[in-house]
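Shown next, in structure tokens, is the structure this report addresses.
No lab work stands behind these numbers, since they all come straight from the coordinates. Just so it is clear, the model here is predicted, and its values are computed rather than measured. All Cβ positions, even for glycine, are placed from backbone atoms using ideal geometry, and neighbour counts span all protein chains on display.
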Amino acid sequence: MATRSLSGFTLLLLFCFLSGSALAQQQEQTPDSIRVHSPKKAALLSTVLPGAGQFYNKKYWKIGVIAAGTGALIYSFQFNTKYYRLYKNELIIRQQKSGIPNPDLDRYTDGNLNDLQSFYRRNRDLTVVGFGLLYVLNIIDATVDAHLFDFDLNDSLSMHLRPTLQAMPTDYTLAKGFSIQFNF
């Protein structure tokens, strides 16, 4: 069974690299010889390996953020799982009256152990949700950055916010407000 899933994973990686090279060949054959930065490729790379889309987009500092977030979530998952199992096992030992209870946990009642077990289980489950959010945000970030990769931010793009007084047409009084001016 492990060989079957490993071969499926190998086929997925092979497909990703072949499709990526096919996209690169297609982009190099454009008539203007302008290389197009592909959001699909960035999303695909980030889907296969979180942070790879950011590498493709040349946003190297974001790889560190993703790695730090993943490391913190792994630590949180292990920490919460450790204490969830500790309190769960102690509760099972006490209820079944089999095995040796942990003397460090004598100060806790069965209700306390149940509450602690629920607390650490909930935190562990929230950590799994955090993994999912980090994974999805990684893909979204790579896609958006790829869309904006060639976006020109020069000095002619600007926005000015200024306070103004506007004459009201109904009663000819002055109204205070703001005006926004966009230059591009």
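In table form, for the structure just shown:
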{"quantity": "Segment His147-Asn114, length gained on full extension (0.36 nm per residue, minus Cα span)", "calculated": "6.9 nm"}
{"quantity": "Most to least packed among 126-133, 112-119 [average Cβ atoms within 10 Å]", "calculated": "112-119, 126-133"}
{"quantity": "Relative packing of 168-180, 138-150, 72-84, which averages over residues the other C-beta atoms within 10 Å, highest first", "calculated": "138-150, 72-84, 168-180"}
{"quantity": "Net lengthening on full extension, Leu161/Phe55 (0.36 nm per residue, minus Cα-Cα)", "calculated": "34.5 nm"}
{"quantity": "All Cα pairs of region 34-111, percent lying beyond 18 Å", "calculated": "62 percent"}
